[in-house]
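Each remark here refers to the structure printed beneath this line.
The values are calculated or read from the model by the stated rules, or taken from the named source; none is laboratory data. Just so you know, these numbers come straight off a predicted model, no measurement behind them. Cβ: placed from backbone, ideal geometry, glycine included. Neighbour counts: every protein chain shown. We work out accessible area using only protein heavy atoms, side chains counted, and drop any ligands, DNA or RNA first. Shrake-Rupley method; radii C 1.70, N 1.55, O 1.52, S 1.80 Å.
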Amino acid sequence: DQQVKQNSPSLSVQEGRISILNCDYTNSMFDYFLWYKKYPAEGPTFLISISSIKDKNEDGRFTVFLNKSAKHLSLHIVPSQPGDSAVYFCAAKGTTSGTYKYIFGTGTRLKVLA
Amino acid sequence: GAGVSQSPRYKVAKRGQDVALRCDPISGHVSLFWYQQALGQGPEFLTYFQNEAQLDKSGLPSDRFFAERPEGSVSTLKIQRTQQEDSAVYLCASSLGGLREQYFGPGTRLTVT
């Protein structure tokens, strides 16, 4: 039972345009969400996070939007750059659930075309 | 500065062998996580340490998996009597604790033949 889903395994975007990566979750106890980027043969690198008390968080070219009623979050990258080509994972946690577990999605491979 | 390091980077084991995977977290990081990542999947939580205390081992798939962090720094994940389904990348991550950012190591790719 996949509690965090990334339904698009891959996405191609032209350089300079917006990349939108989507993530859905099923567990209403999740209240903290993160996005990671992963290059081949490296561990994931933290990008940005959002708590459920907010619906948007920005950090430079990266913005995460959270729609709690739809149990959906998205990562916007604008403008997209070739160096953004990587696999992106969303992850979720329930901070009041008494668990230390982060649940990851299966990832979306982003290719930014020059 | 030094990040999270893991060794070995690659390990090939014959089915039935025991393996030990090492994680050196960032100095001063209280929290340490182990994850298993199968091909085409996201990282799956295995276990969590706060200093030397193993506070959550709910993700360990069987009693063949054992993790320790005896002095609250270096951690070892041990897999006994390896099976083919144990083939995966094993990732270690450390953080300052709470909801602070996790820093991941490069992983150990385990192949069981």
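With solvent modelled as a 1.4 Å probe, how much accessible area in total do chains A and B shield from it at their shared surface, in Å² to the nearest 100?
On the way: alone 6330 and 6370 Å², together 11080 Å².
Interface between A and B: roughly 1600 Å².
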query: R0 = 45 Å: FRET efficiency of A:LYS68 with A:ALA114, Cβ-based, nearest 0.05?
result: 0.75
Segment B:2-31: trypsin sites (Lys or Arg not before Pro) in DSSP loop, at most 13 other beta carbons within 10 Å: B:ARG9, B:LYS14, B:ARG15
- request: Calculate the spin-label point distance for B:SER87 paired with A:GLU42, positioning each point 7 Å from the Cα along the beta-carbon direction, and give it in nanometres.
  value: 2.7
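Tally up the carbon and sulfur contribution to the accessible surface of chain A as a whole percent, 1.4 Å probe, everything protein left in place.
Working: 2690 of 5520 Å².
With neighbouring chains kept in place, the figure for chain A is 49 percent.
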- request: Pop the C-beta distance of B:ASN51 and A:SER8 into the FRET formula with R0 = 30 Å and round what comes out to the nearest 0.05.
  value: 0.15
task: Could you check which residue among A:LYS54, A:LYS93, A:LYS37 shows the biggest mean-square fluctuation in a GNM of chain A with a 10 Å Cα cutoff?
output: A:LYS54
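What order do A:HIS72, B:HIS29 take when sorted by accessible area (1.4 Å probe), most exposed first? If you can, show how the numbers build up before the last one.
Working: A:HIS72 50, B:HIS29 20 Å².
Greatest to least solvent exposure: A:HIS72, B:HIS29.
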message: I'd like the residues of segment A:25-63 whose 1.4 Å-probe accessible area shrinks by no less than 50 Å² going from the isolated chain to the full set of protein chains.
response: A:PRO44, A:PHE46
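How much of the accessible area of chain B, probe 1.4 Å, is carbon plus sulfur, in whole percent? Walk me through the intermediate numbers first.
Values: 2580 of 5560 Å².
The value for chain B is 46 percent carbon and sulfur by accessible area.
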task: Compare B:VAL12, B:VAL30, B:VAL89 in a GNM of chain B, Cα atoms joined below 10 Å, and give the one with the largest fluctuation.
output: B:VAL12
message: Springs between alpha-carbon pairs under 10 angstrom, Gaussian network model over chain A: which of A:ALA41, A:ALA92, A:ALA70 fluctuates most?
response: A:ALA41
query: At a probe size of 1.4 Å, how large is the accessible area of B:SER73, to the nearest 10 Å²?
result: 50
- prompt: Which of B:ALA53, A:SER51, A:GLY107 sits farthest toward the positive end of the charge dipole of the protein assembly as shown, with +1 on the Cβ of Lys and Arg and -1 on the Cβ of Asp and Glu?
  reply: A:GLY107
Solvent-accessible area lost in complex, 50 Å² minimum, residues of segment B:21-44 relative to chain alone, 1.4 Å: B:PRO43
- prompt: What Kirkwood radius, in Å to one decimal, follows from the Cα pairs of chain A?
  reply: 14.2
- request: Calculate the dipole size of chain A relative to its Cα centre from +1 charges on Lys and Arg beta carbons and -1 charges on Asp and Glu beta carbons; express the result in debye to the nearest 20.
  value: 80
message: Which residues, if any, in segment A:90-114 lose at least 30 square angstrom of accessible heavy-atom surface (probe 1.4 Å) when the other protein chains sit next to their chain rather than the chain being alone?
response: A:TYR100, A:LYS101, A:TYR102, A:PHE104, A:THR106
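Taking the solvent-accessible surface of protein heavy atoms with a 1.4 Å probe, what is the per residue accessible area of chain A in Å²?
Working: 5520 Å² over 114 residues.
That works out to 48 Å² per residue.
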